[in-house]
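Reading through the structure tokens given below for one structure.
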Amino acid sequence: MEHTTLIHRPSLKRPFLIAGFEGWNDAGVAASTALGFVADALGAETFARIDPEEFYDFQVTRPMVQLEDGASRRIQWPAAEFQAVRMPESPHDLVLLRGHEPSMRWRTFTREILEMTEVLGVEMLITVGALLADVPHTRPIQVMGSTSDETLASELSLPASQYEGPTGILGVLGEAALGSAIPAVSFWAALPHYVQAPNPRAALALVDRLSNLLSLPIDTGSLAEETAAFDATMADIVSDDPELAGYVERLEAQADEQADDPDPDGRPSLADLPSDQFVAEVEQFLRDHPGGSRN
């Protein structure tokens, strides 16, 4: 692990690795929010960091300046961190991998991760991501799972991925894991593409999926409260915009059709989207109300 700083080596029992990255794989910051929520809820402890100097273009993913104690300044560099979670009631502990998607040298970055999995004896890789899709915000968030491992596909009733096209670091990591004989499964939340703002509803759906899969002892009450406030805000915005309301209704009708008999000619097109004012309203609300709370 040439580019990884090991703070200490945790003693973990048969761990699973859960990975999620900010950036292209993280629509509505849903995946990074979900993984952060899991880390906080389970008391995750950082034990290693991948050196950002080798993998990030700092003009693309810029470091942030923070004030400490209201006086001294500290640079916070983009990075990826490994965190350990001990699960006393489970046969498997967890390793969380969180951070920014790297800008370069993806194969070297992936090798760093795989070397860590070998050191820790990781038995399965779980990746989480979020994407934008033609779905309404008024329906439950769909979390799609897939795997290329035949045993996992049978045990979890998951299909093999049929996706073709551009990929992110999660796709590269998943393929590399399979090449190293580590079973890998991927979960993606589908978010409404007309809401380009933080989406706690999608984060909650991912947390629920992970909790069900791994029997995680997590109280999601606070995230559910954020989701309720977000839903109420969306309802207010849509009710004030007839154009948007009509578009959402068409998406709802599409979502309610039988999944095995889609009608491509009936799908609302990007040309049907309302103006940028809606997106701006949502983003401004969330900037003014951190955490989705309402006045």
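The values are calculated or read from the model by the stated rules, or taken from the named source; none is laboratory data. Computed from a prediction, not measured in an experiment: that's the story for all the values here. Please note: Cβ atoms are built from the backbone with ideal geometry, for glycine as well, and neighbour counts cover all protein chains shown. Only protein heavy atoms, including side chains, enter the accessible area calculation; ligands, DNA and RNA are left aside. Shrake-Rupley method; radii C 1.70, N 1.55, O 1.52, S 1.80 Å.
Evaluate the following for Ala189: is it of a type in the set (A, V, I, L, M), modelled with pLDDT of 90 or more and not in a helix (DSSP H, G or I)? If you could, list the steps in order and put the result at the bottom.
Values: of a type in the set (A, V, I, L, M): yes; modelled with pLDDT of 90 or more: yes; not in a helix (DSSP H, G or I): yes.
Judged against the criteria, Ala189 is a match.
Pick from the stretch 29-80 the residues that are in a loop (DSSP other than H, G, I, E, B) and charged (D, E, K, R): which of them is farthest from Arg105 (Cα to Cα)? Can you show your working first?
We begin by selecting, within the stretch 29-80, every residue in a loop (DSSP other than H, G, I, E, B); these are 42-44, 51, 55-63, 69-71, 77-79.
With charged (D, E, K, R) added as a condition, the list becomes 51, 57, 62, 69.
Numbers: Asp51: 12, Asp57: 11, Arg62: 17, Asp69: 36 Å.
Here the residue is Asp69.
Here are Ala181, Ala202: which of them is on the phi > 0 side of the Ramachandran plot and either aromatic (Phe, Trp, Tyr) or out of contact with any Lys or Arg (no Cβ under 9 Å at 6 or more places or on another chain) (or both)? Walk me through how you get there before you give the answer.
Numbers: Ala202 fails: on the phi > 0 side of the Ramachandran plot.
Ala181 is the lone residue from the list that is on the phi > 0 side of the Ramachandran plot and either aromatic (Phe, Trp, Tyr) or out of contact with any Lys or Arg (no Cβ under 9 Å at 6 or more places or on another chain) (or both).
Kindly establish whether Asp219 is surrounded by fewer than 18 Cβ atoms within 10 Å (Cβ to Cβ), closer than 25 Å to Glu101 by Cβ and acidic (Asp, Glu). Explain how you work it out, then say what you get.
On the way: surrounded by fewer than 18 Cβ atoms within 10 Å (Cβ to Cβ): yes; closer than 25 Å to Glu101 by Cβ: no; acidic (Asp, Glu): yes.
Criteria not met by Asp219.
Yes or no, residue by residue, for (1) open to solvent by less than 30 Å² (accessible area, probe 1.4 Å); (2) within 20 Å of the chain's Cα centre (by Cα):
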| residue | (1), (2) |
| --- | --- |
| Ala41 | no, yes |
| Phe47 | yes, no |
| Asp51 | no, no |
| Thr61 | yes, yes |
| Gln66 | no, no |
| Ile75 | no, no |
| Met87 | yes, no |
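Can you tell me which residue in the stretch 100-115 is farthest from Ala30 (Cα to Cα), limited to those that are open to solvent by less than 10 Å² (accessible area, probe 1.4 Å) and either in a loop (DSSP other than H, G, I, E, B) or of a type outside the set (S, T, N, Q) (or both)?
Restricting attention to the stretch 100-115, the residues satisfying the condition of being open to solvent by less than 10 Å² (accessible area, probe 1.4 Å) are 102, 109-110, 112-113.
Then drop every residue that is not either in a loop (DSSP other than H, G, I, E, B) or of a type outside the set (S, T, N, Q) (or both), which leaves 102, 109, 112-113.
Values: Pro102: 18, Phe109: 23, Glu112: 25, Ile113: 22 Å.
Out of the qualifying residues, it is Glu112.
Provide a single number: the residues in the stretch 183-201 that are under 20 Å from Val119 (Cβ atoms) and either open to solvent by less than 20 Å² (accessible area, probe 1.4 Å) or hydroxyl-bearing (Ser, Thr, Tyr) (or both). Talk me through it step by step, then tell me what you get.
Of the residues in the stretch 183-201, the ones under 20 Å from Val119 (Cβ atoms) are 183-184.
Subset that is either open to solvent by less than 20 Å² (accessible area, probe 1.4 Å) or hydroxyl-bearing (Ser, Thr, Tyr) (or both): 184.
Going through the stretch 183-201 one residue at a time, the tally reaches 1.
For the stretch 192-229, enumerate the residues that are of a type in the set (S, T, N, Q) and either in a helix (DSSP H, G or I) or touching a strand residue (DSSP E or B) at 6+ places or on another chain (Cβ under 9 Å) (or both). Even if it seems obvious, please write down each step before you answer.
Taking the stretch 192-229 first, the residues of a type in the set (S, T, N, Q) are 196, 199, 211-212, 215, 220, 222, 227.
Answer for the stretch 192-229, where residues must be of a type in the set (S, T, N, Q) and either in a helix (DSSP H, G or I) or touching a strand residue (DSSP E or B) at 6+ places or on another chain (Cβ under 9 Å) (or both): Gln196, Asn199, Ser211, Asn212, Ser222, Thr227.
Kindly check whether there is at least one residue in the stretch 126-141 that is part of a strand (DSSP E or B), over 30 Å from Tyr247 (Cα atoms) and touching a helix residue (DSSP H, G or I) at 6+ places or on another chain (Cβ under 9 Å).
Step one: filter the stretch 126-141 for residues part of a strand (DSSP E or B), giving 126-133.
Still in the running and over 30 Å from Tyr247 (Cα atoms): 126-127.
Applying the additional criterion that residues be touching a helix residue (DSSP H, G or I) at 6+ places or on another chain (Cβ under 9 Å) yields 126-127.
Checking the stretch 126-141: at least one residue is part of a strand (DSSP E or B), over 30 Å from Tyr247 (Cα atoms) and touching a helix residue (DSSP H, G or I) at 6+ places or on another chain (Cβ under 9 Å).
For the stretch 123-133, state whether one or more residues are open to solvent by 50 Å² or more (accessible area, probe 1.4 Å) and free of Cβ contacts under 8 Å to residues at least 60 places away in the same chain.
Within the stretch 123-133 (the criterion being open to solvent by 50 Å² or more (accessible area, probe 1.4 Å) and free of Cβ contacts under 8 Å to residues at least 60 places away in the same chain), the answer is no, since none of the residues qualifies.
In the list Glu150, Glu118, which residue meets the criterion of being more than 27 Å from Gln59 (Cα to Cα), at pLDDT below 90 and either open to solvent by 10 Å² or more (accessible area, probe 1.4 Å) or among the aliphatic types (A, V, I, L, M) (or both)? Full working, then the answer.
Numbers: Glu118 fails: at pLDDT below 90.
Step by step, each of Glu150, Glu118 is checked, and only Glu150 is more than 27 Å from Gln59 (Cα to Cα), at pLDDT below 90 and either open to solvent by 10 Å² or more (accessible area, probe 1.4 Å) or among the aliphatic types (A, V, I, L, M) (or both).
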